Amino acid sequence: MGFFEVFLVSMVLTAAGRPVSAARDIAGGMKTTEYIKVSCEGTPYPELCSSTLSKNEREIGKDTALLVHTAINAALELARSLSGKVADVAHNKTLPPEAATDTSNCVDEINDSIHKLKMSLVEMKQLKCPGFDDKIYYIHKLVTTALIDDDRCTNGLNDTGLNVPAVKEQISTAAHMTLNALTLINKFADTGYIGRKNIDFVKTSCDKTPYPNICYASIVTVACEISGDPKLLAKNAIALTQRTTEFTVNRMGEIAGKIGLSPKENMSIHVCEDLSHKSIGYMQDTLTNLETLNQQKGADLKTIIDDIKEWLKSVKSNFESCIEELVREKINTKVTEQVTQLMREEEPYSEIALALFSSYAAGVHGGT
């Protein structure tokens, strides 16, 4: 590992550990200039950071993502300028062959750095919820390797023994700007993209259900649409339960169709299908009433909440009734096992929906 790589790691860790307020928290009522200055205080080169970003304060405003984007773009523009200058040195025909090779390699390293910074800007535009953590990790990796490219270029020029102080100084500045950008990326990740708050809301809410992992995995994909709204969270959980029940009904018919069943066995399957259709109806009633729940008051509100809870509880009891029917009537073992497995896989969703709705209802009706 080169000196700059060691320096990079130590500086980023040091900057990340400084007690600087998160940008989203400090923005408050301060002016953009002050916001940029405070945001840059945690970087390895705060004066360079402030002077660079202040040129674009109107575009940045108090947006953390734009702050990071601008910092990366500034490093990219300097690297582009630098590439041409180093290329001019490499094309000097008076250079010894070895020096020409090292300088040419330096140009390649800078161009690699440019490519990675450009890619990081593309990724910045694609930050979404969910998937923020994976994206920001990739951006961090791109900018980190861009810095390492700068380090290798510096080492290559030093090996040539060439006296090009202006070029070396610009490489150093480019590295410092990129390191500042990397630190701002880390702060951005720690502060949390707005989507992370939505994801954390889903995670915290799901932790209170009987099946937290299943809850989180099945609902986190719509965390942004839910946007921290307990009602939308409950609605999505109920709609998901409805869809899984519809899937189960279709699968039951497919399973029964593949195995020759007696009329009595077919009747039991129909009983299970009827129970599932009742569950689907209960959930549709739940979704319909949920839309107008916040328009109700007093006894009417309590009645609707109690009805919805009973409907959701009935979904689980219908699962149990289906399984009992298959066992009692001694239906084909293979069919019983497959249908039972379907029911057991579906069962957590109804309990999750009930738990999330109950939590929402408690807020609406003060602990109902």
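The values are calculated or read from the model by the stated rules, or taken from the named source; none is laboratory data. Just so we're clear, the structure is a prediction, and the values are computed from it rather than from any experiment. Cβ sites come from the backbone with ideal geometry, for glycine too, and all protein chains shown count toward neighbours. Heavy atoms of the whole protein, side chains included, go into the accessibility calculation; ligands, DNA and RNA do not. Shrake-Rupley method; radii C 1.70, N 1.55, O 1.52, S 1.80 Å.
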In the chain, carbon and sulfur make up what percent of the accessible area (probe 1.4 Å)? 52 percent
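Any chance you could list the semi-axes, whole Å, largest first, of the equivalent ellipsoid that the Cα gyration tensor gives for region 110-167, using √(5λ)? Mind dumping the intermediate values first?
Working: eigenvalues 202, 19, 8 Å².
The answer is 32, 10, 6 Å, longest axis first.
From the protein chains alone at 1.4 Å, what is the descending order of accessible area for His176, His115, largest first?
Numbers: His176 45, His115 105 Å².
Result of the area sort, largest leading: His115, His176.
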Any idea what log10 I(q)/I(0) is at q = 0.23 Å⁻¹ for region 140-187, Debye with uniform C-alpha scatterers and no solvent? -0.78
Residue-normalised accessible area of region 216-300, expressed per residue, 1.4 Å probe, Å²: 51 Å²
Given a 1.4 Å probe and the protein chains all in place, what does the accessible area of Asp134 round to, in Å² to the nearest 10? 120 Å²
Aspartates and glutamates whose Cα lies under 12 Å from that of Lys135, excluding same-chain neighbours fewer than 8 positions away: Glu123
Multiplying the sequence separation of Glu345 and Glu169 by 0.36 nm and subtracting their Cα-Cα distance, what value in nm do you get? 57.0 nm
Suppose accessible area is computed on protein heavy atoms with a 1.4 Å probe; arrange Arg328, Arg251 from highest to lowest. Arg328, Arg251
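Considering every pair of different Cα atoms, what Kirkwood radius, in Å, is found for the chain?
Working: mean 1/r = 0.0399 Å⁻¹.
After inverting the mean inverse Cα-Cα distance, the result is 25.1 Å.
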Less than 15 Å apart at the alpha-carbon level, and either on another chain or at least 8 residues along: which aspartates and glutamates does that give for Lys231? Glu291
Kyte-Doolittle mean at least 1.0 and Cα extent at least 15 Å along the axis: which DSSP H helices of the chain qualify? 3-16
Reported to the nearest 10 Å², Val220 has, with a 1.4 Å probe, an accessible area equal to 20 Å²
Calculate I(q)/I(0) for region 189-290 by the Debye formula, one identical point scatterer on each C-alpha and no solvent, and give its log10 at q = 0.12, 0.19, 0.23 Å⁻¹ to two decimals. -0.54, -0.93, -1.13
Can you list the aspartates and glutamates whose alpha carbon is less than 15 Å from that of Lys85, not counting same-chain residues fewer than 8 positions off? Glu77, Asp102, Asp108, Glu109, Asp150, Glu169
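With +1 on each Lys and Arg Cβ and -1 on each Asp and Glu Cβ, and nothing else charged, work out how big the dipole of region 102-183 is about its Cα centre, in Debye to the nearest 20.
On the way: 8 positive and 12 negative charges, 86 e Å.
With Lys and Arg at +1 and Asp and Glu at -1, about 420 debye.
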Whole Å is fine, so just give me how far the alpha carbon centre of region 302-368 lies from that of region 193-244. 18 Å
Over 32 Å (Cα to Cα) among Lys55/Lys203; Lys203/Lys309; Lys62/Lys208; Lys203/Lys313; Lys37/Lys235 -> Lys55/Lys203; Lys62/Lys208; Lys37/Lys235
